[in-house]
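The values are calculated or read from the model by the stated rules, or taken from the named source; none is laboratory data. Quantities reported herein were computed from a predicted structural model and do not represent experimental measurements. Cβ placement follows ideal geometry from the backbone for every residue including glycine, while neighbour counts extend to all protein chains displayed. For accessibility, only protein heavy atoms count, side chains too; no ligands or nucleic acids. Shrake-Rupley method; radii C 1.70, N 1.55, O 1.52, S 1.80 Å.
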Amino acid sequence: MYEIRTVAPEQLDEHAASFVTLLQDAVDSGASVGFVPPLDDDAARRYWAGVRAAIGGGNRILLAAVEEGAVLGSVQLDLAAMPNAGHRAEVMKLMVHRAARRRGIGRALMRALEDAARRAGRRLIVLDTRPGDSAEQLYAALGYARGGVIPRYALSAAGTLDATVYMYRELDP
């Protein structure tokens, strides 16, 4: 059985290979996570080095689903830093490895993320995803509402420009 953990910078280093594999799997499966395939090891490591710096800087929380030492999934919560934004945070890169999908990991990661947001004093969560993806269905099932759609927002793995949908959820204290 997996467990959801908050990942400290040094733990990210310990599991670097698993996080690289997770990101590459997400990109290879067509997930809209900011990259297009193929994603080489160096680019993936640079990405996670940036995440490590953000965690160390105190404005990012990384959660991971871990089972027997393997990272099955992860999600990030970016804490808005501007003075007028201390009440909100952004969901970033919810990913579950293809071999571990359909086990409730994405839902568990999002629930843990919402708990982390509450502990950080955040009451508004925002995110964006590709319309029609399974991720949008998950977010809607968790109570996230559509805020709007922007056409031709991001390059897809297929080489087309896909729309993005912005979603939000106000958390109860």
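In the stretch 12-38, the residues that are in a helix (DSSP H, G or I) reach residues that are of a type in the set (S, T, N, Q) and surrounded by 16 or more Cβ atoms within 10 Å (Cβ to Cβ) with C-beta atoms within less than 9 angstrom, at least six apart or across chains, in these pairs: Phe19/Ser74; Leu22/Ser74; Leu23/Ser74. For the stretch 91-129, the set of residues classified as under 22 Å from Leu79 (Cα atoms) and among the charged types (D, E, K, R) consists of Lys93, Arg107, Arg111, Glu114, Asp115, Arg118, Arg119, Arg122, Arg123, Asp128, listed by residue number.
Looking only at residues that are small (Gly, Ala, Ser) and touching a strand residue (DSSP E or B) at 6+ places or on another chain (Cβ under 8 Å) in the stretch 106-134, which one is nearest to Leu22 (Cα to Cα)? Out of the qualifying residues, it is Gly106. Of the residues Ile150, Ile105, the single one that is surrounded by 16 or more Cβ atoms within 10 Å (Cβ to Cβ), modelled with pLDDT of 95 or more and not aromatic (Phe, Trp, Tyr) is Ile105. Criterion first (outside any helix (DSSP H, G or I), out of contact with any Gly (no Cβ under 6 Å at 6 or more places or on another chain) and under 28 Å from Gly57 (Cα atoms)) does Glu114 satisfy it? No. Of all residues in the stretch 145-168, those satisfying the criterion of being within 16 Å of Val33 (Cα to Cα) and under 16 Å from the mean Cα position of the chain (by Cα) are Thr164, Val165, Tyr166, Met167. Of the candidates Leu113, Leu138, Leu142, Leu127, the single residue that is in contact (Cβ under 8 Å) with a residue 24 or more places away in the chain, within 17 Å of the chain's Cα centre (by Cα) and under 16 Å from Arg5 (Cα atoms) is Leu113.
Of the residues making up the stretch 23-60, not one is open to solvent by less than 40 Å² (accessible area, probe 1.4 Å), out of contact with any helix residue (DSSP H, G or I) (no Cβ under 7 Å at 6 or more places or on another chain) and closer than 20 Å to Arg111 by Cα. With respect to Thr6, is the statement that it is under 14 Å from the mean Cα position of the chain (by Cα), more than 22 Å from Val165 (Cα to Cα) and open to solvent by 30 Å² or more (accessible area, probe 1.4 Å) true? The answer is yes for Thr6.
Looking at the stretch 153-171, I want the residues that are farther than 24 Å from Ala112 by Cα and have a partner that is open to solvent by 90 Å² or more (accessible area, probe 1.4 Å) and of a type in the set (D, E, K, R) with Cβ atoms under 6 Å, at least 6 apart or on another chain. Which pairs are those? Cβ pairs passing all conditions: Leu161/Arg152.
Restricting attention to the stretch 134-147 and to residues that are outside any helix (DSSP H, G or I) and open to solvent by 40 Å² or more (accessible area, probe 1.4 Å), the residue that is farthest from Tyr168 (Cα to Cα) turns out to be Gly143. For the stretch 135-147, residues that are out of contact with any strand residue (DSSP E or B) (no Cβ under 9 Å at 6 or more places or on another chain) and either small (Gly, Ala, Ser) or modelled with pLDDT under 95 (or both) total 1.
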